[in-house]
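The values are calculated or read from the model by the stated rules, or taken from the named source; none is laboratory data. Just so you know, these numbers come straight off a predicted model, no measurement behind them. Note: ideal-geometry Cβ built from the backbone for every residue, glycine included; neighbour counts use all protein chains shown.
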Amino acid sequence: MELSGSEILVQFLKDEGVEYIFGYPGGAVLHIYDALHRQDDVKHILVRHEQGATHAADGYARATGKPGVVLVTSGPGATNAVTGIATAYMDSIPMVVISGQVPSAMIGSDAFQEVDAIGCTRPCVKHNFLVKDINNLADTLKKAFYVATTGRPGPVLVDLPKDITAPQIKIPYQFPKKIKMRSYNPTVKGHPRQIKKAVELLLSARRPMIYSGGGVVLGNAANELREVTRKLGFPITQTLMGLGAYPGTDKQNLGMLGMHGTYEANMAMHQCDVLFAVGARFDDRITGDTSKFCPHARIIHIDIDPASISKNINVDIPIVGEVKQVLADMSKLLAQTEQKSDAAALDAWWKRIGEWQAQDCLAYDKSSPHIKPQSVIESLYKVTRGEAYVSSDVGQHQMFAAQFYPFDEPRRWLNSGGLGTMGFGLPAAMGAKMAFPDADVACVTGEGSIQMCIQELSTCLQYDLPVKIICLNNRYLGMVRQWQEFFYEKRYSHSYMDALPDFVKLAESYGHVGIRVENPADLDSVMEETFAMKDRVVFLDVITDQTENVYPMIQAGAGHNDMEISPEHKKNLGAVNPEGELA
Amino acid sequence: MRHIISLLVENESGALSRIAGLFSARGYNIESLTVATTEDPTLSRMTIVTTGSDRIIEQITKQLNKLIDVVKLLDMTDGDFIEREMMFVKIRAEGEAKRAEIQRLSDIFRARIIDVTDSTFSVELTGAGAKLDAYLKTLPDGDVIETVRSGSMGIIRGKKALTI
Ligand SMILES: Cc1ncc(C[n+]2csc(CCOP(=O)(O)OP(=O)(O)O)c2C)c(N)n1
Ligand SMILES: [Mg+2]
């Protein structure tokens, strides 16, 4: 079969099993768009901004585990995609971005819409390729998917000069089923001796703690994590990226840890004597001041990426390998071993944890005349029975969503944890809705963030993607305002969103439903109404309390046991004395 | 501590910028970096001299290994190895006494004079970096017109080799 470069690309995507590509046309990719036009196996979603394309592909990837695919033109198309590529890179999301490039002969001449896409994206891709010869096209595409989806996943960009995709030049095409790369062989199995040592240390613990991260979600290891955690009977906490890998409502789960983690999770981190880190990378939002991190603990760390081991925190037992495989091996060992954990010590540890939990660190003022942002997420949880796909933007609303929507399944919580990209939420929700048209998909956002990719409302209409936008409208860049309140003596420099649009009318002008709610008493019924409109996009503009802050909060330089807690939480102190350090 | 890291990398146009970019993006030091194609034209051999604590060096080698273009890596400093660097120096050489002095010094360091004018010598010298530094120090202040250094290369002693 003789095909042109464009036809090879489209045929390859088909053969690779790609259902959707998110893209935006332009001069350098017109040949490709022409080839797309002549088929309907690979469905193209026309976004309204290339950033939206990358986030939508990213949301699709997070929700499904399959790589997201993006097609953009050269120059501004490629640069607009960079934010979304960097977002995917920071969270290790599998993605393949095809960017058009000016014809090979013009590269380097400052041609119209020329940008060095390889150079621009180099620091935020797992790898990138410039295709110089049509004969390498199919193999390069295969390598791109292979690299993006294996090992520690990540975005890969393939830059395609226009002449490579020209309709006149045709070559024989065959789908490359397998590809070998001499310089890329990710480790799969963990070292048996390390695994054995880890199991021994775990069973010798008196105050153990499991800390799991996004790697468990990415590595499809939720079942293995649940099995090992239940066998051990240990408390577990998750990072922002790891929510859902272990059921949020399970009694062994202490919730999220880190800067806005729960009191009990952070206290348990501080007091534990053995820390078991699973697919987590000791990010600074987790560790706080590294010199105060888990001062009593010996640390076990499973990670697919050797470079994550002992990068920020020195660990005692590193295990490099696929987390699914390593946990399965551990589980087997746990079943075989004679060694038993110290039941009395564990009981005492759970009792201590229970005291921390009893303080109810997420308590908030329920008598307020204003809608509290926390109550919006609780309402969302109720109405969607905890089963929705929830994307979020970045800010206070993101933290409230993470704290108040306990996810019981992985891949339901879609947020930009590593890069913290405002504008991620709506397109990511679109990607998830594309993949799961029958599921409830909500985008929890703020009036600041939503305006960073609001244009995608138009895409939602065109492709019939009835996502629900839950906008916690506090008329502030709330997270910025919170930091200014705490650290800049309430000098609210440029954190007030003046001149906001009327979101209800805005939604309507895009052909959607807009609802505003201001009264706490109306919240639940409006939430019901929102989700009852199965086939409409609903923009729910919730006017929330402007002054609410996210608690608990670990401030710069503090350890896990040194949290700023909420006024409501403070009222619950008294009865218990949790502060004393354990020996 | 100073480390000499040898790499075999894919001989592709982007490989060098990926490696240099990694050092600048992560704030690692590069003392020198040399690169040339090997006997296998698909591979380049690169030698990087860098400094850092053990922890940083560990990160450097891991991050380098993560790059898809890096085929193999060896931190020479872990074993017994030979290090060499080459240098050209153009030296002001006016008057019989000074010309004789430079020739004498060059002999001591086994440096070769490879070009001569009525007022300059060009000298070639190979050795470990410290030897090159020492030679430069012996030359009278202000007489060095130009130096060209290759950066260090290294090879492991004995039968072991960095090959694929
Ligand atoms: C693209 C981008 N620019 C700036 C920031 C910094 N930032 C973090 S949170 C935040 C405020 C977000 O405001 P809003 O979306 O209204 O959410 P809120 O905190 O009020 O819930 C800002 C500006 C960011 N994360 N991303
Ligand atoms: Mg806001």
Count of residues meeting criterion [within 30 Å of the chain's Cα centre (by Cα) and outside any loop (DSSP other than H, G, I, E, B)] in the stretch A:175-208: 6
A:SER495, sole failed condition from (1) within 12 Å of ligand 2 (Cβ to nearest atom); (2) in contact (Cβ under 8 Å) with a residue 60 or more places away in the chain: (2)
Any pair with Cβ under 8 angstrom, 6 or more apart, that starts in the stretch A:403-423 at a residue that is more than 24 Å from A:CYS453 (Cα to Cα) and ends at one that is aromatic (Phe, Trp, Tyr) and away from ligand 1 (no atom under 16 Å from the Cβ): A:PHE404/A:TYR381; A:PRO406/A:TYR381; A:PHE407/A:TRP413
Residue that is farthest from the other protein chains (Cβ to nearest Cβ) [pool: residues in the stretch A:437-461 that are in a helix (DSSP H, G or I) and more than 16 Å from ligand 2 (Cβ to nearest atom)]: A:LEU461
Unique match (being under 25 Å from the mean Cα position of the chain (by Cα) and crowded, with 17+ Cβ neighbours inside 10 Å) among A:VAL18, A:VAL115: A:VAL18
Filtered residue count, the stretch B:61-103, keeping only those that are under 30 Å from A:LYS126 (Cα atoms) and either assigned to a helix (DSSP H, G or I) or aliphatic (A, V, I, L, M) (or both): 15
Some residue of the stretch A:334-343 being at pLDDT 95 or above, in contact with a helix residue (DSSP H, G or I) (Cβ under 7 Å, 6 or more places away or on another chain) and within 14 Å of chain B (Cβ to nearest Cβ): no
One residue from A:LEU461, A:LEU523 being away from ligand 1 (no atom under 16 Å from the Cβ), in contact with a Phe, Trp or Tyr (Cβ under 9 Å, 6 or more places away or on another chain), over 24 Å from A:GLY244 (Cβ atoms) and touching a residue at least 12 places away in the same chain (Cβ under 8 Å): A:LEU461
Residue in the stretch A:518-536 that is within 16 Å of ligand 2 (Cβ to nearest atom), in contact with a strand residue (DSSP E or B) (Cβ under 8 Å, 6 or more places away or on another chain) and more than 14 Å from every other protein chain (Cβ to nearest Cβ) present: yes
Which numbered condition B:MET46 misses (of (1) hydrophobic (A, V, I, L, M, F, W, C); (2) within 14 Å of chain A (Cβ to nearest Cβ); (3) part of a helix (DSSP H, G or I)): (3)
Residue within the stretch B:20-35 that is more than 10 Å from every other protein chain (Cβ to nearest Cβ), free of Cβ contacts under 8 Å to residues at least 12 places away in the same chain and assigned to a loop (DSSP other than H, G, I, E, B) present: yes
Answer from B:LEU74, B:LEU8 - the residue that is touching a Leu at 6+ places or on another chain (Cβ under 6 Å) and either away from every other protein chain (no Cβ under 14 Å) or over 22 Å from A:MET181 (Cα atoms) (or both): B:LEU74
Residue match in the stretch A:54-76 (condition: more than 14 Å from A:VAL156 (Cβ to Cβ) and within 16 Å of ligand 1 (Cβ to nearest atom)): yes
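When only residues in the stretch B:77-102 that are farther than 18 Å from B:LYS131 by Cα and in contact (Cβ under 8 Å) with a residue 60 or more places away in the chain count, which is farthest from the other protein chains (Cβ to nearest Cβ)?
Step by step, filter the stretch B:77-102, then rank; the result is B:ASP80.
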Which numbered condition A:ALA335 fails, given (1) more than 29 Å from A:ASN519 (Cβ to Cβ); (2) within 16 Å of ligand 2 (Cβ to nearest atom); (3) among the small types (Gly, Ala, Ser): (2)
Test: residue in the stretch A:464-476 that is under 26 Å from A:ALA63 (Cα atoms), without any contact (Cβ under 8 Å) to a residue 40 or more places away in the chain, of a type outside the set (Phe, Trp, Tyr) and more than 9 Å from ligand 1 (Cβ to nearest atom): no
Scope the stretch A:118-165; condition in a strand (DSSP E or B) and more than 12 Å from chain B (Cβ to nearest Cβ); matching residues: A:PRO155, A:VAL158, A:LEU160, A:PRO161
Sole residue being exposed (fewer than 15 other Cβ atoms within 10 Å of the Cβ), over 30 Å from A:ASP116 (Cβ atoms) and within 12 Å of chain A (Cβ to nearest Cβ), chosen from B:ARG110, B:ARG55: B:ARG55
Subset of the stretch A:97-117 [in contact with a helix residue (DSSP H, G or I) (Cβ under 8 Å, 6 or more places away or on another chain) and more than 14 Å from every other protein chain (Cβ to nearest Cβ)]: A:VAL97, A:ILE98, A:SER99, A:GLY100, A:VAL102, A:PRO103, A:ALA105, A:PHE112, A:GLN113, A:GLU114, A:VAL115
Only one of A:GLY431, A:GLY417 that is more than 10 Å from ligand 1 (Cβ to nearest atom), crowded, with 18+ Cβ neighbours inside 10 Å, not aliphatic (A, V, I, L, M) and not in a helix (DSSP H, G or I): A:GLY417
